[in-house]
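The values are calculated or read from the model by the stated rules, or taken from the named source; none is laboratory data. Only a predicted model underlies this, so the values are computations on that prediction, with no experimental measurement involved. Note that each Cβ is placed from the backbone with ideal geometry, even for glycine, and that neighbours are counted across all protein chains shown.
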Amino acid sequence: MSDQTPNMAGTLTREDIVDLTKRPSDAYNQVILQADYTTRAALSFYRFRQLGGDYHLPAKRLKKQPETGAPEPNTEQNPRHAKLKLGQNTGRGVHYISSHPKVPMLQMSIIALMIIFESAANAYFFAKESEFGLAGGIFQAAAVSLANVATAFFIVGYWGMRHISMPFDIDNIFSRRNLYVVMGLVAIIVGLSLVFLVNLSAAHYRNILDMQALGQELPADLPTKVLPHFIVDPAVCEKILSSPLGETIGSAATNAMCRPFALHSLDAMVLFALGLAIAAFAAFEGRRLDSPFPGFSDAARGLERARSDLQDALYDFEDSYEDIKELVLEVKYGPEEMEDEDLNAQEKMIIHRTMQEMVAPYQKLLRTTDDGLSDEFGLEHAIIDQFRVKADD
């Protein structure tokens, strides 16, 4: 319909009202824009679900005929690459729910509280004999606690435990998935070594403080070759521990590496146990911070945000009904008489149904459809229908 539609009552047909409803508007353009973002986010998400984020697979060579050198007939160039086509089940994807927290700051707050709690507990053990009193003890305790919790949370939990929980890809040994698993194992070994070293050093520090307060010394012939101990040359251990440094608190780390469990103070043992307990809890929280496969939680969060923004855009378009209604009234009765007139029920229903038809394709992006399940898991629709019937029952 054109802008020169006669301003006479009763002259608008169903097609005229549909055309007016479908006129471009900011609200509808926003729906289209957010639908585009949601489509891209969904493609990224399902690419992880289908392919596992590993797109570079080695191609298999064709068997060639000995006479002509041409490829043999009825042989697949790369059967694994054929499985990567959209709509086919790959068996390589990420088939679990992203376990990322809704509010990541909550995890950080828990870690901050753990650091504060451990600092307060350690300050009690350090302050009694610290040269700088309570203030010095709190500073030393905060440094030890920060190193302990941060190492356990990020290195052991976030990098180590999170990555080794991925299934190992036996078919493709050099895939990125297996690389992450190996990196996770290395992170756990390094992280646990640092956690033990930090907590043992703090415990030996406390142990030396107690001995200095009582005027005591460790026996000079304590062995440094027994296991477990860190990789340090026993000759180096003996030389350092028998030097003047060995009688000061500066030798705490050396004692931790050379004779880790030579602790003879109850406070030192309690400090060591407390540090390990808090480190274990921090590692568990680090494991839960994100999904095991790198990038999958980012894709899941992106899809959640895109669907939320699309839902808001659909609500705004629904609220634009009054604007469309005013446009139809203005065309039907003219700007002067439209204030005293109203559309009948049939005309309003035409606007509503037209708006619903306009956004119906975009509303499908807000949920996982049967086609999406079929593409993702390679399931027939009959099987999906059986799941839905059981769920309804």
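Given segment 294-381, what helices (runs of 4 or more DSSP H) lie entirely inside it while holding 1 or more residues that are at pLDDT below 85 and either in contact with a Pro (Cβ under 9 Å, 6 or more places away or on another chain) or more than 30 Å from SER175 (Cα to Cα) (or both)?
Answer list for segment 294-381: 321-333, 370-377.
Pairs needed: first member in segment 248-259, assigned by TED's automatic domain parsing to the domain that holds ASP210; second member anywhere, surrounded by 21 or more Cβ atoms within 10 Å (Cβ to Cβ) and among the aromatic types (Phe, Trp, Tyr); C-beta distance under 7 Å; at least 6 residues apart or different chains.
Close Cβ pairs satisfying both conditions: ILE249/TYR205; ALA252/TYR205.
For residues that are touching a residue at least 40 places away in the same chain (Cβ under 8 Å) and either within 16 Å of SER320 (Cα to Cα) or not assigned by TED's automatic domain parsing to the domain that holds ALA42 (or both), tally how many sit in segment 348-368.
Counting residues in segment 348-368 that are touching a residue at least 40 places away in the same chain (Cβ under 8 Å) and either within 16 Å of SER320 (Cα to Cα) or not assigned by TED's automatic domain parsing to the domain that holds ALA42 (or both) gives 6.
Let me spell it out: the conditions are (1) within 20 Å of ILE110 (Cβ to Cβ); (2) at pLDDT 90 or above, and VAL144 meets all of them except one. Which number is the exception?
Against the list (1) within 20 Å of ILE110 (Cβ to Cβ); (2) at pLDDT 90 or above, VAL144 comes up short only on (2).
State yes or no: is ARG259 under 30 Å from TYR180 (Cβ atoms), buried (at least 19 other Cβ atoms within 10 Å of the Cβ) and among the charged types (D, E, K, R)? Reasoning before the result, please.
Working: under 30 Å from TYR180 (Cβ atoms): no; buried (at least 19 other Cβ atoms within 10 Å of the Cβ): yes; among the charged types (D, E, K, R): yes.
Judged against the criteria, ARG259 is not a match.
Looking at segment 151-172, I want the residues that are not assigned by TED's automatic domain parsing to the domain that holds GLY184 and have a partner that is at pLDDT below 75 with Cβ atoms under 6 Å, at least 6 apart or on another chain. Which pairs are those?
No pair meets every condition.
So, of the residues in segment 275-293 that are at pLDDT 90 or above, buried (at least 19 other Cβ atoms within 10 Å of the Cβ) and aliphatic (A, V, I, L, M), which turns out to be farthest from ARG47 (Cα to Cα)?
Once the filter is applied, the top-ranked residue is ILE278.
Inspect all residues belonging to segment 36-50 and state whether any of them is assigned to a loop (DSSP other than H, G, I, E, B), of a type outside the set (Lys, Arg) and either surrounded by 11 or more Cβ atoms within 10 Å (Cβ to Cβ) or modelled with pLDDT of 75 or more (or both).
no
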